[in-house]
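The values are calculated or read from the model by the stated rules, or taken from the named source; none is laboratory data. Just so it is clear, the structure is predicted and the values come from calculations on it, not from any experiment. All Cβ positions, even for glycine, are placed from backbone atoms using ideal geometry, and neighbour counts span all protein chains on display. SASA here: full protein model, heavy atoms, side chains in, ligands and nucleic acids out. Shrake-Rupley method; radii C 1.70, N 1.55, O 1.52, S 1.80 Å.
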Amino acid sequence: MAIREIVTPPNPTLRQRAQKVHRITPEIAQLIDDLVETMRVAPGVGLAAPQIDVGLRVIVVEYAEGSEDEDAPEKPPKLYAVINPEITRTSKDRVLGNEACLSLPGYFGEVERYERVTVKGLNRHGQDFKLKAKGWLARIFQHEIDHIEGILYIDRATQVWRIEEQEDEELPAPV
Ligand code: NI
């Protein structure tokens, strides 16, 4: 495993549509391991391959469901690694929320996202992956799947702010 550099604009890979993975090779397994390690060190709760300058459709997400809700019991974080992820269903409902991105350090923005999504793809063993996500987990998946399309949250944000140090504790975990 290796910690990789997280790239920022104007790196062109961030703005390109990433390529589909056709075969799960040892290099893809290595890429997933590197994404996980880089995400944890950042620290963040999601990372997409274009963010480490690799133009492939691979994302990782690590998130404890319920951790955005103080009243809900926090569950242990779950790690998802998804190859060729796609959103196959969305709710009608959309919600506004704040997002920060590891590729845009120093900023956060308010973005409207679907409240619930169904994500399909492949896991690291090449088996079918399917997840119904809601709330923050759904938001993270939408953000990461945008990354593999070359889309950044600032393209969708209603407002973007610079992070002031004193706000740090209330900010969303970057993805
Ligand atoms: Ni991001």
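Annotations
- Qualifying residues in region 126-175 (those that are assigned to a loop (DSSP other than H, G, I, E, B), within 13 Å of the ligand (Cβ to nearest atom) and among the β-branched types (Val, Ile, Thr)) - the one surrounded by the fewest Cβ atoms within 10 Å (Cβ to Cβ): Ile151
- Residue, surrounded by the fewest Cβ atoms within 10 Å (Cβ to Cβ), within region 23-79, restricted to residues that are among the acidic types (Asp, Glu) and in a loop (DSSP other than H, G, I, E, B): Asp71
- Listed by first and then second residue, the pairs linking a residue in region 11-24 that is closer than 12 Å to Pro50 by Cα and touching a residue at least 40 places away in the same chain (Cβ under 8 Å) to a residue that is among the β-branched types (Val, Ile, Thr) and surrounded by 15 or more Cβ atoms within 10 Å (Cβ to Cβ), with Cβ atoms under 7 Å apart and 6 or more places separating them unless they lie on different chains, are Thr13/Val7; Leu14/Val7; Ala18/Ile148.
- In region 80-103, the condition of being within 16 Å of the ligand (Cβ to nearest atom), assigned to a strand (DSSP E or B), basic (Lys, Arg) and closer than 18 Å to Pro172 by Cβ is met by no residue.
- The residue list Ile83, Ile87 contains one member that is open to solvent by 20 Å² or more (accessible area, probe 1.4 Å), under 20 Å from Ile151 (Cβ atoms) and among the aliphatic types (A, V, I, L, M), which is Ile87.
- Among residues of region 115-132 that are of a type in the set (D, E, K, R), those with a beta-carbon under 6 Å from a residue that is open to solvent by less than 30 Å² (accessible area, probe 1.4 Å) at least six positions away or on a different chain give the pairs Glu115/Ser91; Arg116/Ser91; Arg116/Ala138; Arg124/Ile32; Arg124/Ala81; Lys132/Thr118.
- Those residues of region 1-15 which are in a loop (DSSP other than H, G, I, E, B), open to solvent by 100 Å² or more (accessible area, probe 1.4 Å) and of a type outside the set (A, V, I, L, M, F, W, C), in sequence order: Glu5, Pro10
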